[in-house]
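Shown next, in structure tokens, is the structure this report addresses.
The values are calculated or read from the model by the stated rules, or taken from the named source; none is laboratory data. Because the structure is a prediction, the values reported are computed rather than measured. So basically every Cβ, Gly included, is an ideal-geometry build from the backbone, and we count neighbours across all protein chains shown. Protein only, heavy atoms only, side chains kept; ligands, DNA and RNA dropped before computing areas. Shrake-Rupley method; radii C 1.70, N 1.55, O 1.52, S 1.80 Å.
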Amino acid sequence: MNKMLKKMVALLAAGSVLLAGCGQKDATERNILGEPEASGGSVSGTENPEEADTVLTPLGKYEEPVTVSISKVMITNPHLIEGQSPEDNIMLDWIRDELNINVEIAWQAESSEYNNKLSLNMASGNLPDIIYIPAANYLTFCQMVENDMLADLSEVYEKCAGDYLRATYDSFDGRNLDPLTFDGKLYGVTSANIGYGHNLLWLRADWMEKLNLDPPKTLDDLKYILKEFMEKDPGENGEGNTLGLALNATEPVNGYGSKFSADPIFHSVGAYPKQWMSDESGKVYYGSTAPEMKEGLAILRSMYEEGLIDKQFLTRVGAGETDAIVDAGLAGAWFAPWWGGNVDIYSNNPEARLMPVNAPLDENGEYNHLTPAPTGDIIVVNKNCKNPEALLKIINLEYDIYRGINKEGMEAVKPVFDQGVSREALFPTGGFNLDYYDVVPELGRLTKELVETGVMNDNERTTDYDRWKAEGARRFADGVDPSDENAKNNFSDYNGRYLGSNILDTPENHPVTPAYSYTTESSVSLKPTLDKMEQQMCLQIIIGEKDIDYFDEFVDQWYKLGGQTLTDEVQAIIDARK
């Protein structure tokens, strides 16, 4: 057992009590003591070498039917049509016909209940063949590894990872598989947590042009633009009706890639709220407690007092209420990722144009932004599963079809997708997603060249989906008819794929990687209280209900009420990696 997992074992001692009923104690002790484990059969479950050679390939079809069970997060709005359900649909038909694999949904649960259901199954030892683990439950994965519950997928990956899966994983340079590997053994595969999903500043470009304003760089530039918007009313909303910066009502500071969150303002002064960071000496700290956080809060407080932040943002707690003021043309500035250019602005005003900007920059002229966690959702295989390679085969076929590599499959499934049925509902792997880490800026470059030269220089990584998005941006640039049924989508493609995606890796960009991106053993019991306290502190200081020095009191209480425990746990995990 490597040092990291040994340290995690110590940290997860309390959590292991939950798993004591899994009947895995003897196997765990053998693992800890380094005793040899009982050898199993061949990976494919067949003793025929010729058949094994065929089976252990990315899309090798089994000679006899194989049945595997899987757990799944239930999709809230699957938009299913007659004849299609998570348990019986066209994708499952393709998997059965092409691979001779029958996939049975062992159980489903909504995202809010999924983790409880998974814990109960773990405690009873009643796990399906293939288990879906949401990204937030990385430590559940570690517990399963420690309790000897999972199949080693090392050989399966080497022999059965398809070209597309392997290429997407290679784009992460190993960062996404490292957290799933212990003692050189791979125990799961991960959904692609693609990069470049950080917040940008979005502005109404038509308002900027009307007022002859230059794109902002500094915080002062942004303040000036907000003041001009509000005082000169380029949207013709009427005196006093144009609002300042749109903010989320409950989480105005919410971490990586959170729409309507003001994190870029904090990043411009070196603060990284809600993130585990480390200083130059390797000492871990929680970004929301750093001195720079106080500076960022003081900035937002000042902007709120000046009216540069929507004064009513706290009242917009209903779903879509903040989007609604942007869509109505009442606010001309907000923070959101590259996809955050609201399409309903165009529906309400076809003359509207948007402008994404890397702003505000820090004192060195850099746009600081975070990188995502190394892994997304995880899928693992029960150690007792006879055909662990089936997982890789299923994923290969799903994405060969979805990305248009399997043309026949794509043509068969596309009419179902075109009727609004979600991929997550049809695919047995649900929300599991495969894509390149840098797919967003790459598609941005492809789109930019098509829009500006009329030439699409695609490559082996370019999918039909990519071409579709690039063509949509080109159609909008060429002057799409607002009455066209695809006009809104073209507007979205133009802003996201042409404008937003092309400023993500420019010279001023400065990506910052957190020290740790997961929870710890005590997170379940401590974080809800600490997070609520942090949320209230931010809101109270921003709107002036509490003095700025209240931040110091918050930091003191945060450590006393469990923050020190969490910090120590994160530090121990990071030290164990060294």
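Some notes on this structure:
- As a length-normalised measure over Cα pairs under 8 Å and 6 or more apart, the relative contact order of the chain settles at 22 percent.
- Rg and Dmax [Cα atoms of segment 429-470; Å; Rg one decimal, Dmax integer]: 11.5, 39
- Too-long pairs where the Cα-Cα distance tops 19 Å, listed order kept, from Lys527/Lys560; Lys72/Lys469; Lys448/Lys469; Lys414/Lys488; Lys386/Lys407: Lys72/Lys469; Lys414/Lys488; Lys386/Lys407
- Computed over segment 88-227, the alpha-carbon pair-distance distribution with 5 angstrom bins reads 2, 7, 12, 13, 14, 13, 9, 5, 6, 6, 7, 5, 1, 0, each value a whole percent.
- Using Cβ point charges alone (K and R +1, D and E -1), the dipole size of segment 89-175 about the Cα centre works out to roughly 200 debye.
- The heavy atoms of Ile405 offer some 90 square angstrom of accessible surface to a 1.4 angstrom probe.
- Distance between modelled label sites at Asp163 and Asp233, nm, 7 Å Cα→Cβ extension: 6.1
- Computed [θ] at 222 nm, deg cm²/dmol, the chain (DSSP H ≥ 4; -39,500 (n - 2.57); rounded to nearest 500): -12000 deg cm²/dmol
- Taking Cα centre as origin and charging only the Cβ of basic (Lys, Arg, +1) and acidic (Asp, Glu, -1) residues, the dipole magnitude of the chain rounds to 840 debye.
- Candidates Val455, Leu314, Cys142 compared by Cα position along the dipole of the chain: farthest toward the positive end lies Cys142, with charges placed on Cβ.
- Those GluC sites (Glu not before Pro) in segment 197-242 that DSSP places in a loop and that have at most 14 other beta carbons within 10 Å: Glu236, Glu239
- Taking a ≥ b ≥ c as the square roots of the eigenvalues of the alpha-carbon gyration tensor, segment 313-455 is classed prolate because a/c is 1.5 or more and a/b outweighs b/c.
- Size descriptors for segment 207-294: radius of gyration and Dmax over Cα atoms are 16.7, 54 Å.
- Placing unit charges on each Cβ (+1 for Lys and Arg, -1 for Asp and Glu) gives segment 89-130 a dipole about its Cα centre, and among Leu118, Ile101, Ile90 the Cα reaching farthest toward its positive end belongs to Leu118.
- Positive-end ranking of Ile133, Cys538, Ala151 along the dipole of the chain, with charges on Cβ about the Cα centre, is headed by Cys538.
- Interchain or long-range residues, amide H under 5 Å from Lys383's placed H: Leu150, Ala151
- Each Cα pair under 8 Å and six or more residues apart adds its separation to the average, and for segment 68-115 the resulting relative contact order is 58 percent.
- Loop-resident GluC sites (Glu not before Pro) (DSSP state other than H, G, I, E or B) in segment 356-419 with no more than 11 further Cβ atoms inside 10 Å of their Cβ: Glu363.
- Here the chain carries DSSP beta bridges of which approximately 55% are antiparallel, counting only pairs with both residues inside.
- Stokes-Einstein D (µm²/s) once Rh is taken as the Kirkwood radius of segment 177-323 over alpha-carbon pairs, at 10 °C in 1.306 mPa s: 89
- Normalised Debye scattering of segment 452-501 at q = 0.22, 0.27 Å⁻¹ gives log10 I(q)/I(0) of -0.77, -1.05, counting only Cα atoms as equal scatterers and leaving out solvent.
- Beta bridges from DSSP with both residues in segment 62-193: antiparallel share about 25 percent, rounded to the nearest 5.
- Taken as entire DSSP H runs, the helices of the chain that both span 15 Å or more between Cα atoms along their own long axis and average -1.0 or more on the Kyte-Doolittle scale are 111-124, 219-232, 291-305, 389-402, 407-418, 439-453, 523-542, 564-577.
- Restricting attention to segment 136-276, lysine pairs at least eight places apart or on different chains and with alpha-carbon atoms under 23 angstrom apart total 11.
- Cα-centred dipole magnitude for segment 432-571, charges only on beta-carbon of K, R (+1) and D, E (-1), debye, nearest 20: 240
- Evaluated at q = 0.13, 0.22 Å⁻¹, a Debye calculation over the C-alpha positions of segment 377-520 (equal weights, vacuum) places log10 I(q)/I(0) at -0.78, -1.35.
- Accessible-area rank, largest first, for Trp558, Trp107: Trp107, Trp558, with all protein chains present and a 1.4 angstrom probe.
- Label-point gap, in nm, between Asn349 and Ala572 - each point 7 angstrom along Cα→Cβ: 5.6
- According to the calculation over all Cα-Cα pairs in segment 387-452, the P(r) per 5 Å bin from zero is 4, 14, 18, 21, 18, 16, 6, 2, 1, 0 %.
- Here the chain is treated as a Stokes sphere of Kirkwood radius computed over C-alpha pairs; at 10 °C and 1.306 mPa s its diffusion coefficient rounds to 61 µm²/s.
- For segment 161-280: relative contact order, % (alpha-carbon pairs under 8 angstrom, 6 or more apart): 16
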